[in-house]
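In what follows, a single structure is set out as C-alpha cells and then discussed.
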Amino acid sequence: MKNTALSHIHESLGAKMIPFAGYNMPVQYEGVNAEHETVRNGVGVFDVSHMGEFLLTGENALALIQKVTSNDASVLEIGRAQYSCLPNKDGGIVDDLIIYRVKKEQYLLVVNASNIEKDWNWIADQNDLGVEMKDLSDEYSLLAIQGPKAVEAMQSLTSVDLSAIKYYHFEVADFAGIEHVIISATGYTGSGGFEIYCKNTEVEQIWNKVFEAGASFGIQPIGLAARDTLRLEMGFCLYGNDINDSTSPLEAGLGWITKFTKEFTNSENLKKQKEAGVSRKLVAFEMVDRGIPRHDYEIADANGNVVGIVTSGTQSPSLGIAIGLGYVPTSLSTVDSEIYIRIRNKDVKAKVVKLPFYKK
C-alpha cells in the first residue's frame, strides 16, 4: 500500500483511511454530507495525489497524443487543458484523462490512479515516433481546491489573477511560496476551483499555507466519498464504474470528446458505430419511489425484464433525492422514460432525466 506525501497529515486529522487504487487514502473526515456541502457552498481541499502524470516531449508528442486519444488535441494552445479518452481496439475505453499543453512540444497527461501502469504500457507500445516519455506519478502530488470561494480564498497565495484563469486553462506560476506550480482551473466537482500540481517535497508546505489562507473562508479537508457524490451530481463519468474496457465512448455520452476529424485508435469502427447508432446508452435517472440505487444493481423495464445495470448511484446530498447512472437500451434512453431499479428483489420506479442533476 502506497502513501501520498500527505497521508500522515490525514491520519493526524482523524480521517477514515481506506485502500484505494493501491494507495492509503482519506475517504472522509467529518462525514460525507457535511464535506459535500462545504465544497458546494464554500471551499474544500482534496488530496488526489494518487493520480498518474506522464510527460510527453518532442516534435512528435502531439502526433502520438492524436494517435492514442479520441479528442482533437491539435486545438490546444499552451496553457490549455482538454478532457479526452484512450480508446482500445475493441470499442471500449482504456482510460479517461486530461491533457495539458505545457510547452510547444511538451504535454502532461493526467490519468486515473488504478490505470497508471496499464495506460503507460498502452501509450508506450504505440510510441513508434521517438517521443520522450516520463512517468512522474511517484514524484508529483495533486491537490484539488474546490468550491465557489476557492478563487477568493486562494488569491493571497499567488501573484497571478486566479479569477482570470478560465475553465480548462492553467498557469505555471508561484503558489504558496513555491515556484513553477501548475494552477489549473479544473476539477471533478462542478463547483469551480483549482487543481494544484507540485512535487512531493513541496506539497506539505502548500497544504499548510492553503489552510492558513482559507481559514476565514471555512476551508475543510474533503475525502474521496464526497468527491464521488459531487461528481455524480454533475453526471461526470468515473472509470471502473460508468466507463471501462467494454463501454464505447459513444454509448457513454462521450461523443463530444470523440472527434472524427483525425484518425485514432479504433476510429474507423467508432465512426461506423456513430453512423449506425448505438444500441444502449448511459442515462441519468432519479428515483420516483423510495430506494437508493447502487453500483451493479439491475435495471428492469415495466414488464420486469432486466435491460441494464446501474453504474453509479447515491442519495444526492444537494438535492435530497436518490440519483444514478446506468446503461439501458436506446429505446429507454429518452428523458422521462420509466425504468425500474431492482433493489432487494423489488423493482422500484425511476425516471430518466437530463444531466446535470445539480444545477447551480
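Every read-out reported here was derived from the displayed coordinates using simple, explicitly stated rules and does not represent laboratory data. These numbers come from a predicted model, not from an experiment. Please note: Cβ atoms are built from the backbone with ideal geometry, for glycine as well, and neighbour counts cover all protein chains shown.
What size of dipole, in debye to the nearest 20, comes out for region 18-174 about its Cα centre when the only charges are +1 on Lys and Arg C-beta atoms and -1 on Asp and Glu C-beta atoms? Working shown, then result.
Working: 11 positive and 24 negative charges, 76 e Å.
The calculation lands at about 360 debye.
Mean Kyte-Doolittle hydropathy of -1.0 or higher plus an axial Cα length of 15 Å or more: which whole DSSP H helices in the chain meet both? Let's see the in-between values first.
Details: long enough: 200-214 (21 Å, -0.63); 224-234 (16 Å, 0.02).
Long hydrophobic helices here: 200-214, 224-234.
Could you list, bin by bin from short to long, the percent of Cα-Cα pairs of region 160-242 in 10 Å steps?
15, 42, 36, 7
Hey, got a sec? Which GluC sites (Glu not before Pro) in region 257-300 land in a DSSP loop and have at most 14 other Cβ atoms within 10 Å? Intermediate results must be reported in sequence, preceding the final value.
Values: sites: GLU263, GLU268, GLU275, GLU286, GLU298; in loops: GLU263.
Passing both the DSSP loop test and the Cβ count: GLU263.
If a/c stays under 1.5 just call it rounded; otherwise compare a/b with b/c (prolate if a/b is bigger, oblate if not). Do that for the chain, with a ≥ b ≥ c from the square roots of the Cα gyration tensor eigenvalues.
oblate
For LYS274 and ALA63, compute 0.36 nm times the residue count separating them, minus their Cα-Cα distance, and round to one decimal in nm. List each step's numbers first, then the result.
Numbers: separation 211, 0.36 × 211 = 75.96 nm, distance 2.41 nm.
Result: 73.6 nm gained on full extension.
Does region 228-295 classify as rounded, prolate or oblate by the C-alpha gyration tensor (a ≥ b ≥ c root eigenvalues; a/c under 1.5 gives rounded; else a/b over b/c gives prolate, otherwise oblate)?
Working: a/c = 2.72, a/b = 2.10, b/c = 1.29.
Prolate, because a/c is 1.5 or more and a/b exceeds b/c.
Quick check: net charge around GLN273, other residues with Cβ under 13 Å of its Cβ, Lys/Arg +1 and Asp/Glu -1? Walk me through the intermediate numbers first.
Values: positive: LYS271, LYS272, LYS274, ARG280, LYS281; negative: ASP90, GLU251, GLU268, GLU275.
Local charge sum for GLN273: +1.
In percent, what relative contact order does region 1-156 have, based on Cα pairs under 8 Å that are 6 or more apart in sequence? Please report the intermediate quantities before stating the final value.
On the way: 272 pairs, mean separation 46.4, N = 156.
With pairs under 8 Å counted, the relative contact order is 30 percent.
Taking neighbour counts of Cβ atoms within 10 Å as a proxy for exposure, in what order, fewest first, do TRP122, TRP207 appear?
Details: TRP122 18, TRP207 21.
Ranked by crowding around the Cβ, least crowded first: TRP122, TRP207.
Find out how many positive minus negative residues lie around ARG344, taking Lys and Arg as positive, Asp and Glu as negative, among other residues whose Cβ is under 14 Å from that of ARG344. Spell out each step's value before the answer.
On the way: positive: ARG290, ARG294, ARG342, LYS346; negative: ASP289, ASP296, GLU298, ASP347.
Every neighbour counted, the sum reads 0.
So what is the calculated 222 nm ellipticity per residue for the chain, using -39500 (n - 2.57) for each DSSP H run with n of 4 or more, over all residues, to the nearest 500 deg cm²/dmol? Spell out each step's value before the answer.
On the way: 8 runs with 75 residues, N = 360.
When only DSSP H runs of four or more count, the value is -6000 deg cm²/dmol.
With 10 angstrom as the radius, rank ARG80, ARG227 by how many other C-beta atoms surround their C-beta, starting from the fewest.
The most exposed by this proxy come first: ARG80, ARG227.
DSSP loop chymotrypsin sites (Phe, Trp or Tyr not before Pro) in region 256-327 with at most 15 other Cβ atoms within 10 Å of their Cβ, which ones? Can you show the working numbers first?
Working: sites: TRP256, PHE260, PHE264, PHE285, TYR297, TYR327; in loops: PHE260, PHE264, TYR297.
Filter output for region 256-327: PHE260.
Can you tell me the relative contact order of the chain? Whole percent, Cα pairs under 8 Å, sequence separation 6 or more.
Details: 826 pairs, mean separation 62.9, N = 360.
Over the chain, the number comes to 17 percent.
Per-residue HN-Hα couplings for region 238-248, Karplus 6.51 cos²θ - 1.76 cosθ + 1.60 at θ = phi - 60°, whole Hz, x for Gly and Pro?
10, 5, x, 10, 8, 9, 6, 5, 10, 9, 7
Rounded to the nearest 0.05, what FRET efficiency is calculated for GLN126 and TYR168 with R0 set to 25 Å and r the Cβ-Cβ distance?
Efficiency, rounded to the nearest 0.05: 0.50.
If R₀ is 45 angstrom, what is the calculated FRET efficiency for the pair ASP289 and ALA21, using the beta carbon separation as r and rounding to 0.05?
Details: r = 35 Å, r/R0 = 0.77.
Calculated transfer efficiency: 0.85.
How big is the dipole moment of region 279-360 about its Cα centre under a simple scheme where the beta carbon of each Lys and Arg is +1, that of each Asp and Glu is -1, and everything else is neutral? Debye, nearest 20, please. Please list the in-between numbers first.
Numbers: 12 positive and 8 negative charges, 50 e Å.
Dipole about the Cα centre, nearest 20: 240 debye.
Could you run the Karplus curve 6.51 cos²θ - 1.76 cosθ + 1.60 with θ = phi - 60° over region 2-11 and give me ³J(HN,Hα) per residue in whole Hz, x for Gly and Pro?
8, 9, 7, 5, 10, 3, 5, 6, 4, 5
How far is the Cα center of region 226-252 from the Cα center of region 285-345, in Å?
Going from one Cα centre to the other spans 15 Å.
Just to be sure I understand: if I project the alpha-carbon convex hull of region 1-94 onto a plane and average over all orientations, what area do I get in nm²?
Mean shadow area of the hull around the Cα atoms is 9.3 nm².
Averaging sequence separations of C-alpha pairs under 8 Å and six or more residues apart, then dividing by the length of region 53-123, give the relative contact order as a whole percent. Don't skip to the answer; put the middle values down first.
Details: 118 pairs, mean separation 23.3, N = 71.
That works out to 33 percent.
Please give the net charge around VAL45, taking every other residue with its beta carbon less than 14 angstrom from that of VAL45, where Lys and Arg add +1 and Asp and Glu add -1. Numbers along the way, then the final one.
Values: positive: LYS149, LYS209, ARG227; negative: GLU30, GLU35, ASP47, GLU195, GLU204, GLU212.
Local charge sum for VAL45: -3.
Treating only the Cβ atoms of Lys and Arg (+1) and Asp and Glu (-1) as charged, compute the dipole magnitude of the chain about its Cα centre; round to the nearest 20 debye. Before the final figure, lay out the partial values.
Details: 34 positive and 46 negative charges, 224 e Å.
Charge dipole of the chain: 1080 debye, to the nearest 20.
Search the structure for amide H atoms under 5 Å from the amide H of THR4, placed 1.01 Å from N in the peptide plane, and list their residues when 5 or more places away or on another chain.
ASN24
Normalized C-alpha radius of gyration of region 279-360, against 2.2 N^0.38 Å? Kindly include the intermediate steps, with their values, before the conclusion.
Details: Rg = 11.3 Å, N = 82, 2.2 N^0.38 = 11.7 Å.
Rg over 2.2 N^0.38 Å, computed on Cα atoms: 0.97.
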